[in-house]
Structure formats: C-alpha cells, structure tokens
Amino acid sequence: MYNDKVLEVFQNPKNAGEIEDANGVGTIGNASCGDIMKIYLKIVDDVIVDAKFKTFGCAAAIATASVATDMVIGKSVEDALKIKNADVVAFLGGLPPQKIHCSVLAEEAIHAAVEDYRSRASK
Ligand code: FES
C-alpha cells in the first residue's frame, strides 16, 4: 500500500518524542479514525528551533509527522504555517488516497502548537 519512501521514513522516523520545555504544544484528533497527533515546538525569537511529535496514528501519520517536523525546524513561525500537508505528501512521493486524511494531522497540530505559542506569548 505504501511506497518505499513512506516505508523508509516510517521505519526511521525523525523527531519522535517530546520536548520538555516546549513553548508551543498542539494536539489534534483525526475525526475519521480517532487517532491523535501531538506536536511540541520550541520557539526562540519566532524561529522554530526544535519540533517533536507523538502520535497514536498509523504509518502515514508517523511518516508525515517526521517529515513535517523536519520541515519546520529552522523556519520562522510564519514560514512554518505555509507548509501544507500536500507539500509533505509530495516529499514522500504520495500516499494512498485513503491515507491522505492522516497527513492532515501534522499540519493541523503544528498550527495548534503555534496558536498555543502565540497565546502564551500574549499573556
Ligand atoms: Fe488514523 Fe492514519 S488511520 S492516523
């Protein structure tokens, strides 16, 4: 069902885990399967210096979270928000159609983590 690139990233995911002193944390649930994605961001001067994820999701969720967290590290918050799940899916060489909804989790959880960061910063 998955291409070789997806399987490779799924088997060797980067950025899995938790950031203890994260200053932006976002959790998103997948309405169609019930799985959860949690993204931790460490942001300094509006630049994402570290990103990690935890998920109960499937191989597609793990692979897309690995790629998405890699893509946002080193980017400004503004630029990170421009990364779409379609960019992540393209990087992976595609996903089966029934797995596209899984790739939305990382994008949405990154957005939620940025919102959390911004709400903490405005306090
Ligand atoms: Fe739930 Fe993929 S089936 S995240």
| Packing-based order for 28-35, 65-72, 82-89, using average beta carbon neighbours within 10 Å, highest first | 65-72, 82-89, 28-35
| query | Between Ala16 and Asp79, what is the FRET efficiency for a Förster distance of 22 Å, r being their Cβ-Cβ separation, to the nearest 0.05? | reply | 0.45
| message | Using only Cα atoms and rounding to the nearest 10 degrees, what angle (0 to 90) does helix 59-72 make with the longest principal axis of the chain? | response | 40
| query | Which lysines does Lys75 reach when only Cα atoms under 20 Å apart count, and residues fewer than 8 places away in its own chain are ignored? | reply | Lys14, Lys38, Lys42, Lys52, Lys84
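If exposed GluC sites (Glu not before Pro) are those in a DSSP loop with at most 13 other Cβ within 10 Å, what is the longest stretch of the chain that has none? It would help to have the intermediate numbers written out before the result.
Working: sites that count: Glu18, Glu20.
Result for the longest clean stretch: 21-123.
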| Among beta bridges that DSSP assigns inside the chain, antiparallel share in %, nearest 5 | 95
| request: For the range 110-118, just list the computed ³J(HN,Hα) in residue order, Karplus coefficients 6.51, -1.76 and 1.60, θ = phi - 60°, integers in Hz, with x standing in for Gly and Pro. | output: 5, 4, 5, 5, 5, 4, 4, 4, 5
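Among Phe53, Phe91, what is the fewest-to-most ranking by other Cβ atoms within 10 Å? Numbers along the way, then the final one.
On the way: Phe53 28, Phe91 17.
Listed from fewest to most nearby Cβ atoms, that is Phe91, Phe53.
Would you mind computing Rg(Cα) / (2.2 N^0.38 Å) for the range 1-91, counting N as its residues?
On the way: Rg = 12.8 Å, N = 91, 2.2 N^0.38 = 12.2 Å.
Ratio of Cα Rg to 2.2 N^0.38 Å: 1.05.
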| Pairwise label distance in nanometres, Ala86 with Glu8, each label 7 Å out on the Cα-Cβ vector | 2.5
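Read the figures in this text as sums done on the coordinates, not as results from a lab. All values reported here derive from a predicted model rather than from experimental measurement. Backbone-built Cβ (ideal geometry, glycine too); neighbour counts: all protein chains shown.
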